[in-house]
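Before any comments, here is the structure.
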């Protein structure tokens, strides 16, 4: 079974993503997994093994759904069947939901990382109030609507 680390950044900042960076680097150092991630995290990762795959991104932002859609396409190309999903604790539920909707056949293991809110270009990761005000609306959308607008 081919295993990949799927790493989702939390915001765009280097400081805010350090806990995710550390988790990914430890997993790759131990097992040599390939990593699929987004530009914000790829720029700070220092991998000593595995291969790094970076999602295409236009501008400063890629939605969780668009990121997962790209990952599913790459997984088919590279034969990845098992995913180690690394994301901020407050974001991992939605990452997993999107992935499971798009690729229900994949085996997904969750690795939630404690990430603090902080200064960032993305307003919703600056505070728990900002995050949850946005996240509750997104989570309450039925999948067909979410898939159309996100």
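Some points to look at:
- Modelled spin labels at residue 30 and residue 15, positioned 7 Å past Cα toward Cβ, are 2.9 nm from each other.
- Approximate spin-label separation residue 129-residue 147, in nm, with each point projected 7 Å along Cα-to-Cβ: 3.6 nm
- Stokes-Einstein diffusion coefficient of the chain, Kirkwood radius over Cα pairs, 37 °C, 0.692 mPa s, in µm²/s: 212 µm²/s
- Relative contact order of segment 25-150, defined on C-alpha pairs under 8 angstrom at six or more residues apart (%): 17 percent
Every number in this text was worked out from the coordinates using simple rules, so none of it is lab data. Treat the numbers as computed from the prediction; the structure is a model and nothing was measured. Don't worry about glycine lacking a Cβ; one is built from the backbone with ideal geometry, like all the others, and counts go over all protein chains shown.
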